[in-house]
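The numbers here are math on the coordinates, done by the rules we state, and not lab data. This structure is a prediction, so every number in the text was calculated from the model and none was measured. Please note: Cβ atoms are built from the backbone with ideal geometry, for glycine as well, and neighbour counts cover all protein chains shown.
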There are 2 protein chains.
Amino acid sequence: MQLEFLGTGSGQPSKFRNVTSIALRLLDERNAVWLFDVGEATQHQILKTTIRPRKVEKIFISHLHGDHIFGLPGFLSSRSFQGADKNEPLTIYGPKGIKDFVQTALRVSETRLSYPINYVALQEGIIFDDPTFQVIAAPMRHRIETWGFRVVEKDHPGELLVDKLRAENIPSGPIYGRLKAGKTVTLADGRTINGLDFIGETQKGRVVTLILDTRPNDNIALLAHHADVLVHESTYGASDEESKMARAHAHSTSINAANVAKKAQVGKLVLTHLSARYVGPLVKNLIQDVRKVFPNTYVARDLDVIEIPFKKEIHESK
Amino acid sequence: MQLEFLGTGSGQPSKFRNVTSIALRLLDERNAVWLFDVGEATQHQILKTTIRPRKVEKIFISHLHGDHIFGLPGFLSSRSFQGADKNEPLTIYGPKGIKDFVQTALRVSETRLSYPINYVALQEGIIFDDPTFQVIAAPMRHRIETWGFRVVEKDHPGELLVDKLRAENIPSGPIYGRLKAGKTVTLADGRTINGLDFIGETQKGRVVTLILDTRPNDNIALLAHHADVLVHESTYGASDEESKMARAHAHSTSINAANVAKKAQVGKLVLTHLSARYVGPLVKNLIQDVRKVFPNTYVARDLDVIEIPFKKEIHESK
Ligand SMILES: [Zn+2]
Ligand SMILES: [Zn+2]
């Protein structure tokens, strides 16, 4: 489970930062990749990665500003061209207008995709749920309908501790299945064994929260509560003047992001959606300022890959 | 007057060739740039050039396939963001659907441009004409409505030969204006002077023809007749198998392009819209084969700039 930042800039592309797209790599977890926003030239950025478009199973669109969606028609076309077949559907979650945009682009260009698209109009609450993942959306406050996302990996049940069973001379066989299910079993030699004593620690699932364009609002901390990683927009810096700009344009500052990371007690904060002028020393200054509020902060660059590890405390709590 | 190739690939972007866009740089001639097709990430390519988006005055769209238009909404937005003002309108010439595509993208993304766009639906014949340039469109044969373009620079009237006038002791003053207009003038010393004897050669205007996606058809030679430069698509190579593919997909081969260049007696042939596999030795082979049919052939690479010089013969014909 990794985040791969395909574009970390705001508004328009610059030499070092493309417009927004973030890949959540779930290859080990579900042999799939999810995209959050698809700014123009996302498919060009993907060419520089190991991501295969046909593996992209879901696309989440935070809002319909051009720098978050104009790469969608091209990406969808190339996914088709590269051989995604009719059994590899794609689901697009976004504000209602996304369907209108995509369908107009495909109709006008007479593009016939090789696979079906399902459109899901975003609503507050659980927007996706299966045995391995759940995604929750909540409204943000931007100049246009905008959504934040909380991606929750379901807990991994503990493994059966086979070595421990063997050490106690408990013979393998169908009873291992019953022990793994946590049942109590009586052995041929008369011993009574409680399965729960032979199951490892439950591995807590990971949580990633993605907050793209928005001004500060109460839903952010709710979505980010105890998240392993919070990805947060940081269109403006910490100065008074930039704070004013952020308010005027319904965006956040780096300090807004740090404050909510602290409040929500997240594991790591990753800033993205930065102005093109944040290169070199300006990034260093930005990080220094933000770390005074929330030490474990990182500023994403294009093509950065950030591993999301299982919580260490959990591993060690046995 | 130069052609700058912003994207020379076909279908989808690859590492070395972006999808189609060609800039005709008319900075000396009219302080403007014209674009022919705007594939995805054209604005990203422009970042690598000296072209300023607000200088782009006209956009010509050959057809509505995605690899020729998906960069348009992003380019238009950035042109606005970069400060084009309401006195810097942009005209888009293209098949009728282009307006639907652009307007849907701008509406859904709530983009309000700082400048007006005029849409001109393409028709056969002269689509633009002013004192310095004329553009002629003719239908091509592709899988969708497609147009080829002939850009004609008007002739530059000859300069007044001031050195020659001075050598003959003809005093400067208002009579220079009458001489430049080709009139006959009587001097104070009684001499009669014919202005036509003191005007340099008319500088013949240049002609550039742009043929994007199409199968071979009779209109190509008409548009390309004696053009200084013919830009022609070359989606497929010379082999029998590729020729079949070209026919099946309504495209041209490199040899089709060379044949029409020869027939139309153009000055130079520039191939573009190449498959991603044309890199390295394959390009060399392609050029060798094509030059057997039309020697002055060139294969465009992304960001190539090709100068379009005035015809030499005209300069020397005096
Ligand atoms: Zn936005
Ligand atoms: Zn085409």
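Annotations
- With Cα atoms, 0 to 90° folded angle of helix A:254-263 axis to chain A main axis: 30 degrees
- Within the listed set B:50, B:42, B:111, the Gaussian network model of chain B (springs between alpha-carbon atoms below 10 Å) gives the highest mean-square fluctuation for B:50.
- With Cα atoms as the point set, the radius of gyration and Dmax of the stretch A:7-113 evaluate to 13.1, 38 Å.
- The convex hull of the Cα atoms of the stretch A:190-318, projected and averaged over all directions, covers 10.1 nm².
- Ascending distances from the residue A:305 label point to its copies in the other chains, with the point 7 Å along the Cα-to-beta-carbon line: 3.8 nm.
- Counting only Cα atoms, the stretch B:55-181 measures 69, 38, 19 Å along its principal axes, largest extent leading.
- Equivalent ellipsoid semi-axes, the stretch B:94-164, via Cα gyration tensor eigenvalues times 5, rooted, Å: 36, 20, 8
- Taking the label point 7 Å along Cα→Cβ, residue B:49 and its counterparts in the other copies are spaced 2.9 nm apart, in ascending order.
- Residues residue A:277 and residue A:196, FRET efficiency given R0 of 56 Å [Cβ-Cβ distance, rounded to 0.05]: 0.45
- Span per principal axis, largest first, for the Cα atoms of the stretch B:1-44 (Å): 33, 14, 14
- Between the Cα long axis of helix A:97-108 and the first principal axis of chain A there is an angle of about 70°, rounded to the nearest 10.
- For chain B, Kirkwood radius (reciprocal of mean inverse C-alpha pair distance, Å): 21.2 Å
- Residue-averaged beta-carbon neighbours from other chains (10 angstrom radius) around B:38-50: 4
- Calculated on alpha-carbon atoms, Rg and Dmax of the stretch B:159-252 in Å: 26.0, 78
- For peptide A:12-22, the mean count of partner chain Cβ atoms within 10 Å of a residue's Cβ comes to 3.
- GNM on chain B, alpha-carbon springs under 10 angstrom: the most fluctuating residue among B:243, B:234, B:62 is B:243.
- Taking the helices alone, chain A has a mean residue ellipticity at 222 nm of -7500 deg cm²/dmol, built from -39,500 (n - 2.57) per DSSP H run of at least 4 residues and averaged over all its residues.
- Evaluated with a Cβ-only charge set (Lys, Arg +1; Asp, Glu -1), chain B carries a dipole of roughly 180 debye about its Cα centre, given to the nearest 20.
- By the equivalent-ellipsoid construction on the alpha carbon gyration tensor, the stretch B:80-124 comes out with semi-axes of 20, 15, 6 Å, ordered largest to smallest.
- For the stretch B:233-308, trypsin sites (Lys or Arg not before Pro) are listed when DSSP marks them as loop and at most 11 other Cβ atoms sit within 10 Å of their Cβ; the list is B:277.
- The shape of the protein assembly as shown can be summarised by an equivalent ellipsoid whose semi-axes, obtained from the alpha carbon gyration tensor, come to 62, 30, 19 Å from longest to shortest.
- Residue by residue along B:90-99, Cβ atoms of other protein chains within 10 Å of the local Cβ number 1 on average.
- Sorted from shortest to longest, the distances between the residue A:167 label points of this copy and the other copies are 10.9 nm, with each point 7 Å from Cα along the line through the beta carbon.
- GNM remark for chain B: springs join alpha carbons under 10 Å apart, and the peak mean-square fluctuation among B:157, B:95, B:216 falls on B:157.
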